[in-house]
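The values are calculated or read from the model by the stated rules, or taken from the named source; none is laboratory data. A quick note: this is a predicted structure, and the numbers were derived from the prediction, not measured. With ideal geometry, Cβ positions are generated from the backbone for all residues, glycine too; neighbour counts draw on all protein chains shown. These accessible areas exclude ligands, DNA and RNA; they are computed on the full protein's heavy atoms, side chains included. Shrake-Rupley method; radii C 1.70, N 1.55, O 1.52, S 1.80 Å.
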Amino acid sequence: MKKKLSVGGMHCASCALNIERMLKKTKGVNDANVNFSISRATVDFEPTIISEDEIIKSIHSLGYEAFALNEKSDGEQNARKSELAYFKKLTLISLVFTIPVFIISMFMIPVPYRPYVLWLLSTPVQFYVGMYFYRGAWGALKNKSANMDSLIAIGTSAAYFYSVYLVLFAEGMELYFESSAVLITLVLVGKYLEAVAKGRASEAIRKLMDLSPKQARILEDGKEIMVDADAVKKGNTIIVKPGERIPVDGLVIDGHSSVDESMITGEPIPSEKTKGSLLVGGTVNKNGVLVFNATNVGSETTLSQIIKLVEDAQSNKAPIQRYADQISSVFVPMVMLISAITFVVWYFVLGQTFSFAIILAVSVLVIACPCALGLATPTAIMVGTGKGAKSGILIRNGAVLEKAQKITAIAFDKTGTITIGKPEIVGVMEAVPNSNALSIAYSLEKVSEHPLAESFVKYAEKKKAKAMAVTGFSAVPGMGVKGKVNSKLCLLGNTKLMESAKLETPVELVEWKTQMETKGSTVVLLSVSDKVVAAFAISDKVREDSIGAIKTLRSMGLKTYMITGDNKRVAAAIAAQAGIEEYFAEVLPAEKASLIKTLKKEHTVAMVGDGINDAPAIAESDLGIAMGSGTDIAIETGDIILIRNKLIDVARAIKLSRATMGKIKQNLFWALVYNIIGIPIAAGVLFSFGILLSPMIAGGAMALSSVSVVTNSLLLNNAKID
């Protein structure tokens, strides 16, 4: 069983790692993933061995808060608001006491009993405001580890208690109360700004949640009743008036209106809705009254599925995050060791004063914060997946973003991907006059489930052909269908079907077939009583955006392929129209996956298909991209789902992944460079050049590094992916 928990009180990546390690060691827990940037844990556990409450208690034992999340709960949003309010309160209290300490110390203002006044003012900061850090350090210690709070608690305590010693036993010496007080205040200001920025990074989910209306108008016994949207059940009859949001997915049973579905399809033009039309929850009814039956409610609605996908994407770690985690796991102990060495070298080896050595040791502890390192990856993924969701590109997890930017080749299914997916009969050729070919074909396809059957049915009904009784009907996979009409055996399918029955196609039909296939039409042959009597040309138009999309992908350095079950002439014509470099024709559905496997020997391959018929090939590819309307979102199988059903979004998804991974690499680079440069300077290696970092400057730099990483991630919102 998998459960999501909101975790409060985490101060850095090390906190998340400590909780994750503890959970993974807990009996009954199969796996755990703790994400610092969104304060969430995903725990896979055996409910027969350990309960959710016991897991929450074990997190509490480390000094952190935790509570369960459910699909309709807004608890996480409330927790984030509480966190902001908490940091704001602590920061204000800290400023009230720290500003006087800073002014008195830095400007040497003559105050009566100056040492005692500084001691008095800094004590609430150290022990009331600073309790936040002491609690975190204690929780880490209980778990036999260390975190950012350990660094802050040890560093500020050293400065504070050394100053207390000087007040009591060495009057006249320089005090460092301002170092501990200002340091705590700066770190808290940084945490507050970080919380604000993280809130902005996760606003994509909040905006999606805000689209879901709170109430619905149900028609019951002829009366309209307002109920909570959560209380709507499948089959309920719902009325939606102009300007209202549609509360759940449904099927129109009465009324006519236009509906703004831009939040799902990205299309600015409203969609016309009449009896039999599908409605998506969260979309806006524009100008008419609609009455519909609820079909998907609660977690089954399209909007809920989208929110779940975005949440999952932001919760899961990308493989690149492992490097940051590995560094963070050894970072804090290493910093403590460097701090101790700094003190020993300056005091015992180089003969500097105790106060000089202790302040440098404190500076090392303070400047080396793993927060920026822990925020580098998840914040970029949060913003990247959120931007994708707003653009109609749903990305399942961070690992997908990492895979997408490595893609070197893309394979496309033809029907419904390169083409519109709505084939139409564009020509009929009869070799035998008065063979009643259309009626026979209509009769066979009327009972068929093949994708092309609908084109026969529509064309025949338009021509007012009559259907006849069919007996012994069966489908021949990859070839066509067969059955008896008027006691005569009839075959309807491709050349392979005719050849398997050892039937010869008349020359005039062969010539016409070649001509139509060269234009990109699929030709289906009909035989009656062992004679091929007619041919039907079926055309599926290339999508308007396919040509531009393929051109864009090729300009990005990607190799393009098309895979189709059609013959080589049709495949060549469609590939030429779309601008695709290479194609594979006459490929049976079962063969697509093995073809992808072959391509993977030379490339990192993405497969683009409808997510259902191409499921094996999508699963075999390095990256599965599913084209599908929003209402099909729950059953799509791709790593990336393009809910606008536009091929250009394949290019946009890859551009987004490249931009996101670029931000992650920038964040990791600067987080590491900051520490590589900052720690030696804090340890005093540039002292001979007159350069020293005080704990206050180190604290400010540390806070700034975390905020800068989150801010850099937020710049992804401005990335050009169109």
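Against the chain, whose longest principal axis is taken from its Cα atoms, helix 114-124 shows a tilt of about 30°. Heavy-atom accessible surface of Leu168, to the nearest 10 Å², is about 90 Å², with a 1.4 Å probe and all protein chains retained. Phi angles of region 491-507 translate, via the Karplus equation with coefficients 6.51, -1.76, 1.60 and θ = phi - 60°, into HN-Hα couplings of 10, 9, x, 8, 4, 4, 5, 5, 5, 5, 8, 6, 9, 9, 8, x, 4 Hz per residue; Gly and Pro are given as x.
Counting only protein chains, not ligands or nucleic acids, how are Lys601, Lys488, Lys233 ordered by accessible area (probe 1.4 Å), most first? Kindly include the intermediate steps, with their values, before the conclusion.
Numbers: Lys601 170, Lys488 100, Lys233 140 Å².
So the residues, ranked largest to smallest area, are Lys601, Lys233, Lys488.
Treating r as the C-beta distance of Met556 and Lys720 and R0 as 22 Å, the FRET efficiency rounds to 0.95. Ignoring ligands, DNA and RNA, what percent of the 1.4 Å accessible area of the chain is carbon and sulfur? C and S fraction of accessible area: 58 percent. On the principal axes of its alpha carbon atoms, region 422-476 extends 27, 27, 21 Å, with the longest extent given first.
Taking all protein chains together and rolling a 1.4 Å probe, Thr301 ends up with roughly 10 Å² accessible. Arg658 exposes around 90 Å² of accessible area when a 1.4 Å probe is run over every protein chain in place. Proximity of backbone amide H atoms, modeled 1.01 Å from N, is registered between Arg40 and Val7, Asn35 at under 5 Å, excluding neighbours fewer than 5 places apart on the same chain. What is the helix-to-structure angle for 695-714, meaning the angle in degrees between its Cα long axis and the longest Cα principal axis of the chain, kept from 0 to 90 and rounded to the nearest 10? With both axes taken from Cα atoms, the answer is about 10 degrees.
Hey, what's the Cα Rg ratio for region 394-539 versus the globular rule of thumb, 2.2 N^0.38 Å?
Numbers: Rg = 18.5 Å, N = 146, 2.2 N^0.38 = 14.6 Å.
Output field value: 1.26.
Across region 422-430, computed HN-Hα scalar couplings (Karplus, 6.51 cos²θ - 1.76 cosθ + 1.60, θ = phi - 60°) run 10, x, 10, 6, 10, x, 10, 10, 10 Hz from first to last residue, x flagging Gly and Pro. When Glu20, Glu591 are compared by accessible surface with a 1.4 Å probe, the order from highest to lowest is Glu591, Glu20.
Calculate for the chain the 222 nm mean residue ellipticity that helices alone would give, adding -39,500 (n - 2.57) per DSSP H run of length 4 or more and normalising by residue count, nearest 500 deg cm²/dmol.
Values: 24 runs with 343 residues, N = 722.
Helices in the chain give a 222 nm mean residue ellipticity of -15500 deg cm²/dmol.
Charge dipole of region 424-564 (Cα centre as origin; +1 on each Lys and Arg Cβ, -1 on each Asp and Glu Cβ, all else neutral): 180 debye, rounded to the nearest 20. Look at the dipole of region 429-498 built from charges on Cβ: of Val432, Val457, Met498, the Cα furthest out on the positive end belongs to Val432.
What full-extension length gain, to one decimal in nm, is calculated for Leu120 and Leu92 as 0.36 nm per residue of separation minus the Cα-Cα distance? Intermediate values should be presented prior to the final figure.
Values: separation 28, 0.36 × 28 = 10.08 nm, distance 1.76 nm.
Stretched out fully, the Leu120 to Leu92 stretch lengthens by 8.3 nm.
Note on exposure: Phe689, Phe133 ranked by accessible area (1.4 Å probe, complete protein assembly) read Phe689, Phe133, with the most exposed listed first.
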